[in-house]
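Worksheet: the structure to be examined is printed underneath.
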Amino acid sequence: MHSLKQSFSLALLMACFFMAPVYAADLAAGEQKAAMCLGCHGPKGKSGNAQWPNLAAQQSIYIINQLKAYQADTRDNPMMQGIASGLTDDDINNLAAYFASLAPARAGGDSALAKSGQPKAAMCLGCHGPSAEGNGQFPRLAGQHPAYLVKQLKSFKDGTRQNGPMQAIVGNLSEEDFNGLAAYFGSL
């Protein structure tokens, strides 16, 4: 019985240790650091330009992973690589927590296209969450700019952006499918 109690205590301590970065994030510091993001990603993470994604309500783990990918040059975008290279781990955690805490954006989309994309969206929801709200390392798709989503889907299909599961999924989709899915997710 004694070892069971010790094992439980150790497991609880380990869980707290691994969750510490999530609780250690400083939203105020993240908001202050986010000032450099406003030009592209918009006030409160709501981009006014489909060239750049909305970050409002994005999954914090996803933001962390993407910023680290830019730092490691495993995700290609010269501007983001330059910005990410100047961030510390604390900066990244604070930015991720700040953007995740914001109210979600809604980009909208062509309603006819959205209707055509809705039936195909089911294949995305297993990873991206039942309402496309994101799921840990999988990004929020709901409310994202349709043109941005189409660009990302094309990048997965042509191999410009690497992710084995995404490349397998988009390999069987047409540009018409991309447009329908993107309009559907943008409308959420």
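The values are calculated or read from the model by the stated rules, or taken from the named source; none is laboratory data. What you are looking at is a predicted structure, and each value in this text was computed from that prediction instead of being measured. Here the Cβ is made from the backbone with ideal geometry for all residues, glycine too, and neighbour counts use every protein chain on show.
Residue under question is LEU95, and the condition is that it be at pLDDT 95 or above and either crowded, with 17+ Cβ neighbours inside 10 Å or of a type outside the set (Gly, Ala, Ser) (or both); does it hold? It would help to see each step written out before you state the result.
Values: at pLDDT 95 or above: yes; either crowded, with 17+ Cβ neighbours inside 10 Å or of a type outside the set (Gly, Ala, Ser) (or both): yes.
When the stated conditions are applied, LEU95 passes them.
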Identity of the residue in region 113-137, of a type in the set (A, V, I, L, M) and free of Cβ contacts under 8 Å to residues at least 12 places away in the same chain, that ends up farthest from GLN71 (Cα to Cα): ALA122
Which of the following residues is at pLDDT below 95 and small (Gly, Ala, Ser): ALA28, ALA11? ALA11
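So is PHE138 in contact with a His (Cβ under 8 Å, 6 or more places away or on another chain) and outside the structural domain of ALA56 (by TED's automatic domain parsing) or not?
Numbers: in contact with a His (Cβ under 8 Å, 6 or more places away or on another chain): yes; outside the structural domain of ALA56 (by TED's automatic domain parsing): yes.
Yes; evaluated as a whole, the condition is true for this residue.
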Residue check, ASN163 touching a Phe, Trp or Tyr at 6+ places or on another chain (Cβ under 8 Å) and over 15 Å from ALA57 (Cβ atoms): yes
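Does LEU38 satisfy the condition of being at pLDDT below 95 and outside the structural domain of CYS127 (by TED's automatic domain parsing)?
Numbers: at pLDDT below 95: yes; outside the structural domain of CYS127 (by TED's automatic domain parsing): yes.
Against the criterion (at pLDDT below 95 and outside the structural domain of CYS127 (by TED's automatic domain parsing)), LEU38 qualifies.
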Give region 35-52 a look and list any residue that's surrounded by fewer than 21 Cβ atoms within 10 Å (Cβ to Cβ), in contact (Cβ under 8 Å) with a residue 40 or more places away in the chain and part of a helix (DSSP H, G or I), or say none. MET36, CYS37, LYS44
Selection within region 132-148 - surrounded by 23 or more Cβ atoms within 10 Å (Cβ to Cβ) and in a helix (DSSP H, G or I): PRO146
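Any residue at all in region 163-170 that's surrounded by 15 or more Cβ atoms within 10 Å (Cβ to Cβ) and assigned to a loop (DSSP other than H, G, I, E, B)?
Initially, region 163-170 is screened for residues surrounded by 15 or more Cβ atoms within 10 Å (Cβ to Cβ), giving 166-167, 169-170.
After this cut, where a residue has to be assigned to a loop (DSSP other than H, G, I, E, B) as well, the list is none.
Checked against the condition, which is being surrounded by 15 or more Cβ atoms within 10 Å (Cβ to Cβ) and assigned to a loop (DSSP other than H, G, I, E, B), region 163-170 yields no hits at all.
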